[in-house]
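Take a look at the structure set out below.
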Amino acid sequence: MNNKGFNLHDALFIGFCATLLVALKGMLRLKLGLSGHSMFLMSFFYLICYGAVGKNGAISLCGLLAGMMAMTLGIGKGGPLLLLKFGLPAIAMDICLLLLPSLLALKWRCIILALVATIAWASKGLIEGLLVGLSAQVVALQFAKSLLFGSLFALLAAMLVPPVLERLRSHDLIDREEI
Amino acid sequence: MALVRLSQIHFNFQTAAQPLFEDLNLTIAPGECHLIHGYTGCGKSTLLKLLLGILERPWEGEREIAEGATLGVVMQDPNVQLLRQTLGAEVAFALENLGVASNEMLLQVRSALRRVGLYISLDTPIASLSLGQRYRLMIAAQLVLEPDLLLLDEPWAQLDDQGVAELSAVLNQLKQQGVALLIVEHHRGVFKDLVTHRWQLSQGKLHGVAPAQAEASPSQECWRESPAWPQGEAVIDSHGFTLAFHERQKLFDAESLLLFPGEIAALVGDNGCGKSTLLKSLAGIQADIDPLGIKVFGKKPKLGRFGADLALLHQRPSRQLFENTVIEEIQFSLRRFGLPLEWAIELLGQLGLTTLARHSPHTLSYGQQHLIALASLACFRPKLLLLDDPFAGLDEHFTSKIVALLLELSRQGTAIVVASHRPIAELPIDRLWRVADARLECFGMATACEKQAYSRVG
Amino acid sequence: MWARRGGRAPIICRPKRHFVINDVRWCALALLLVLGLSSGAFLLPQTWLHYLALINLLLLVQGRYLGGRLKGLLVIFTSQLAITSLLYLLLHGVERLPEGITAVCRILMAMIPGWWLSIACSPQRIGEVLSHCLPHKWTFVLAACFGILPYLGQETREIYQMQVMRGANIRLKSLWRPRHWHELIYCVLYPLLIQLLKLSKQMATAARLRQFGRHPKPTHWPF
């Protein structure tokens, strides 16, 4: 992982991943009425960004761009709150990456990042619940439900990402030695 | 005074056994037009990248550009070069990046658009332009930078005959204004009136080609001498329909459409006339059109309804490749449809691609990827094969391989529809479906000959 | 940069929509208003909630009048209400139920302004407002993202159709079984990622060849 700025190619790829995430979310909404399914798409695209771009901040940028696009296109009906919905898990992943040893196998890195993203995503619900005045027990139960289902979907995505990245690298489509 | 000079260029890809360029030399002066021919994958596009200074891998030799000279380029697919949504904004993009004051942009943008003959509103959405217009728009977007040399990557393959004629007129005018042109094109005999220097890129060098050697017969349909006589039930059957998008202008009217097993039909018409839409409708995957009433295998077409009986090759078919090896890619459908896996090996042998069986499809050349994508459909021997522009960007070598494959499938009873914007001279056909003036007309060999004789007398 | 793209409408943009806010400044104000109202739903004391509810009701009426659909909001509201009421009944009994209902109403009031924004403001104008807050490179990226949205939708659809016709088990009814998701990732998302990698490279090259990033203060096409 290096900290050099993003070139235009990287920036466009991050943007296109965010676009695809929002487009798929728009296509699948209401079709999959399962709680936490959005963590599958979010984890998948954020981790792909991390693997393909390999620079600090790539995930946060993808999350913020996805939030802006979703807000602009009216997907998710949260208005400016969508920035938090997409941005918070992404920022949590990037912060976690600063602490995560890079020697750890990619599979485990992806799993840890996906779980961190789920905690951030579920925490957003927890804070919202407390702010609107739900009782502590109800909030805790909803938090646990989000954490459980969100983690399942996020883990599924995290397991799929390393083989996809490995395949992209072996076909000369990305050039990141550390992956 | 040379504008650009390449001397003793050596370059090879890491994986390639033979160098792509070996002692390659080229000198271009103002007002010249160089046309470079070459087979698919011989390095034409790489040469353009080298000229532009954007080749990422190391190379040897000298590249000299006259002081202050500017280069412009229109890539193979102009769509990937279009960065804005309206005509004016697209042309102004380079001016914005140079920091030209907003009030000075309008004049320069209008002048560039006039030079390419685009007299339409600056607010026109790019999505509403034809491919030929987009190509000229891309040239205008380069002209605001006042390029001394304009590079064009295979324009003939993308454009229909009208688009090529419009482009030729624009290029002629630019050449007269002193702009040097370099066109890479595998098809011979195009831009005849324009070219001052012709080259053949082969074995890493540019070899001069005499104009007489470069002549090629114009594209004309080729009828099958021993046609496949109608046998069995019609595969495609319609008694007339109108192809139109919901609440929008119609694309064309057709009286009737018939295709029997083993027959090959050519669907020919200009860009944007509705060929792809018709093919998708036949496959049952075009969503926003009015009902057509066409029957395929006696049923209304729907995605997934016909299983292994129907296959459609989209444009840019390499998009569908995803497996680790060529053999896995071809065997994918055989596994899903429960067919013998040996058919894949047989087909690779037939296409002379056995040596590539264990290669990654993504590391192959454009032509090879195209062929693998077609093979991945042909291997399950569908009863109806629909092909959308299957010869785009392919040279004679790959074209002949595809033609041989299609004729073999036809012998086995597959009905085939091939869409293209000009007739394919190499592919013998039984039926011609021509779209012109919002009408689809159907010809067999007899009716086509009659019509030709009539027009000669007329 | 944010002019509306012609041709086929993007897959997730609603057709026949009339946007009442088409000016950048008004749009920026609307964004701030929405932010304020949504935050208000979380932070305002109970006594102020009636006023907030009234404003949200007005937004609902106007949004509906402008052609917005209430179905999505209703589905979220009723499902939230059902789950929360059930939890309150189980955990606290019927006497604390109004507390739960109020909380769900607050969540609804946090969503209504965002719903109204997507109906009243054109996406182009929202994008333009956002672009003022971003550096030039990211403005270009955001514009490119909106530009490729219809293309991306079409590309996704075509690759999906190609693979279904090749026999892939990725039709909607197959996707109810998570074991087929693997196939969806490899047949559809993986080729799409390859397309995105190629496209981002090609567009970056095209922009660089047209002097992108050369001038420290790029100007803007005035129309």
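Tell me, Kirkwood radius of segment B:236-455 from alpha-carbon pair distances, in Å? Evaluated over segment B:236-455, this radius sits at 18.0 Å. Note on segment B:39-176: the C-alpha convex hull projects to 9.7 nm² when averaged across all orientations. Each of B:ALA29 and B:ARG110 was given a label point 7 Å from its Cα along the Cα-to-Cβ line. The distance between the two points is 3.8 nm. Close amide H contacts of B:ASP160 (hydrogens built in the peptide plane, cut-off under 5 Å, sequence separation of 5 or more or a different chain): B:ASN271.
The charge dipole of chain C, taken about the Cα centre with unit charges on the Cβ atoms of Lys, Arg (+1) and Asp, Glu (-1), comes to about 960 debye, rounded to the nearest 20.
The mean number of partner chain beta-carbon atoms within 10 angstrom of a residue's beta-carbon across peptide C:158-164 is 6. Applying a threshold of 19 Å to the alpha-carbon distances of B:LYS302/C:LYS173; B:LYS250/B:LYS275; A:LYS25/C:LYS201; B:LYS275/B:LYS295; A:LYS107/C:LYS173 flags A:LYS25/C:LYS201; A:LYS107/C:LYS173 as lying beyond it.
Averaged over residues, the count of other Cβ atoms within 10 Å places the peptides B:21-32, A:87-98 in the sequence A:87-98, B:21-32, highest first. Counting only trypsin sites (Lys or Arg not before Pro) that DSSP places in a loop and that have at most 16 other Cβ atoms within 10 Å, the longest clean stretch of chain C runs over C:70-170. Partners of C:LYS137 within straight-line reach, counting aspartates and glutamates whose Cα lies under 20 Å from its Cα and excluding those fewer than 8 residues away in the same chain: A:ASP10, B:GLU90, B:GLU96, C:GLU128.
Put simply, the C-alpha atoms of segment A:8-170 give a gyration tensor, and the ellipsoid matching it has half-axes of 25, 19, 14 Å, longest first. Legend: mean number of C-beta atoms from other chains within 10 angstrom of residue C-beta atoms, peptide B:70-81, equals 3. Extent along the principal axes, Cα only, for chain B: 70, 51, 46 Å, with the longest axis given first. Taking amide H positions as modeled 1.01 Å from N, with prolines and chain starts lacking one, the residues under 5 Å from B:LEU313 and 5 or more places away or on another chain are B:LEU386, B:LEU387, B:ASP388.
Cross-link partners for B:LYS280 among the aspartates and glutamates, with Cα-Cα distance under 16 Å and sequence neighbours closer than 8 places in the same chain left out: B:ASP237, B:ASP288, B:ASP290, B:ASP309, B:ASP388, B:ASP389, C:GLU155, C:GLU158.
In chain B, Cα pairs under 8 Å separated by at least six residues give a relative contact order of 17 percent. For C:ARG106, the shell of other residues with beta-carbons less than 14 Å away shows a net charge of -2, using +1 for Lys and Arg and -1 for Asp and Glu.
Separation of segment C:72-135 from segment B:30-79 is 56 Å, based on Cα centroids.
With a Förster radius of 41 Å applied to the C-beta separation of B:SER202 and C:LEU32, the computed FRET efficiency comes to 0.05. If you keep only loop residues by DSSP, which chymotrypsin sites (Phe, Trp or Tyr not before Pro) in segment B:116-169 have at most 10 other Cβ atoms within 10 Å of their Cβ? In loop regions of segment B:116-169 (DSSP not H, G, I, E or B), the sparsely surrounded chymotrypsin sites (Phe, Trp or Tyr not before Pro) are B:TYR119. Partners of B:LYS192 within straight-line reach, counting aspartates and glutamates whose Cα lies under 17 Å from its Cα and excluding those fewer than 8 residues away in the same chain: B:GLU32, B:ASP153, B:GLU154, B:ASP160, B:ASP161, B:GLU166, B:GLU215.
Structural descriptor for chain A: relative contact order 28 percent, calculated from alpha carbon pairs under 8 angstrom and at least 6 residues apart. Of all beta bridges that DSSP places with both ends in segment B:236-455, some 45 percent have antiparallel geometry.
A simple packing score, the average count of other Cβ atoms within 10 Å per residue, orders the peptides B:323-330, B:237-244, B:59-66 as B:323-330, B:237-244, B:59-66, with the highest score first. Placing dummy labels 7 Å off each Cα toward the beta-carbon, the span from B:THR363 to C:ARG171 is 3.7 nm.
The calculated pair-distance distribution of segment C:147-223 uses every alpha carbon pair, bins of 5 angstrom beginning at 0, and gives 3, 13, 17, 17, 13, 10, 8, 6, 6, 5, 2 percent. Placing dummy labels 7 Å off each Cα toward the beta-carbon, the span from C:ARG96 to A:ASP172 is 6.5 nm. Kirkwood radius, the protein assembly as shown, all distinct C-alpha pairs, inverse of mean reciprocal distance: 29.5 Å. For chain B, the membrane-span-like helix rule (DSSP H, alpha carbon extent of at least 20 Å along the helix axis, mean Kyte-Doolittle at least -1.0) picks out B:102-115, B:161-176, B:396-411; this says nothing about an actual membrane. Excluding B:ARG439 itself, calculate the net charge of residues whose Cβ lies under 11 Å from the Cβ of B:ARG439, where each Lys or Arg counts +1 and each Asp or Glu counts -1. Summing Lys/Arg as +1 and Asp/Glu as -1 gives -2.
Here the scattering of segment B:26-111 is modelled by Debye summation over its C-alpha atoms, one equal scatterer each and no solvent; at q = 0.12 Å⁻¹ the log10 of I(q)/I(0) is -0.55.
Counted by Cβ distance under 10 Å from B:ALA265, the other residues give a net charge of -1, where Lys and Arg count +1 and Asp and Glu count -1.
Between amide H atoms placed 1.01 Å from N, distances below 5 Å from B:LEU364 occur with no residue 5 or more places distant or on a separate chain.
Bear in mind that the values in this text are calculations on the coordinates, not laboratory data. These numbers come from a predicted model, not from an experiment. Backbone-built Cβ (ideal geometry, glycine too); neighbour counts: all protein chains shown.
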